[in-house]
Amino acid sequence: MTSITFKIIEFGSNEYQTAIALRNEILRKPLGLTLTSEEQAQDKDCIVIAGFLEDKLCATAVLVPEGDRLKMRQVAVKEDHQGKGFASDMLKFCEDYALNNGCKEIYCHARETAIPFYLKNQYLAEGEPFIETTIPHLKMQKVLRRK
């Protein structure tokens, strides 16, 4: 099986621009939306994660620091690499990053269609569904512990 490697990428870099294109393709285009320059500017204060197969970016996520927890957003895997466990690997990378940086919890606003994925990865649903970027979402969270 091909293994994916993850790293933190620099805001504004060429890799970041590739990650933006992937986020637009997977998350926004199907909704008839595109990431605005204002939304992209918010990434400047975030940790942008990218997953690579060889030298090709095929997965990304953004971590927003919030004290002793992180909000994970904009989780995307290239369509032809979905279903191969790469998203779960990326969650693990994000969770390890959180633990290594003193965070005790990670959460996200999961699209309704992604809820089973997060449940499979031991995230718990919190609250009621709500509309975000025109579609139903649910807050999903995970308390982090060292194994």
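The values are calculated or read from the model by the stated rules, or taken from the named source; none is laboratory data. Everything numeric in this text was worked out from a predicted model, so none of it was measured. Glycine gets a Cβ as well: all are built from the backbone with ideal geometry, and neighbour counts include every protein chain shown. SASA here: full protein model, heavy atoms, side chains in, ligands and nucleic acids out. Shrake-Rupley method; radii C 1.70, N 1.55, O 1.52, S 1.80 Å.
Points worth noting:
- Distance between modelled label sites at T134 and A41, nm, 7 Å Cα→Cβ extension: 2.3 nm
- Links that overshoot a 25 Å alpha carbon limit, given the list K29/K142; K29/K71; K44/K147: K29/K142; K44/K147
- When all protein chains stay in place and ligands, DNA and RNA are ignored, the 1.4 Å accessible-area order of I8, I26, largest first, is I8, I26.
- Residues N24 and D55, FRET efficiency given R0 of 22 Å [Cβ-Cβ distance, rounded to 0.05]: 0.60
- Derived scalar couplings ³J(HN,Hα) [segment 112-128; Karplus, 6.51 cos²θ - 1.76 cosθ + 1.60; whole Hz; x for Gly, Pro]: 3, 5, 9, 4, x, 4, 5, 4, 4, 9, 6, 8, 10, 6, 9, x, 9
- Percent accessible area from carbon and sulfur atoms, the chain, protein chains only, probe 1.4 Å: 51 percent
- A cut-off of 5 Å between modelled amide H atoms, ignoring neighbours fewer than 5 places along the same chain, links E132 with H137.
- Normalised per residue, the accessible area of the chain is 56 Å², obtained with a 1.4 Å probe and no contribution from ligands, DNA or RNA.
- Overall dimensions of the chain, expressed as equivalent-ellipsoid semi-axes from the Cα gyration tensor (√(5λ), whole Å, largest first), are 21, 19, 16.
- 10 Å binning of all Cα-Cα separations within segment 73-147, expressed as whole percents from 0 upward: 18, 50, 29, 3
- Student exercise, the chain dipole from Lys, Arg, Asp, Glu Cβ charges, in Debye to nearest 20: 460 debye
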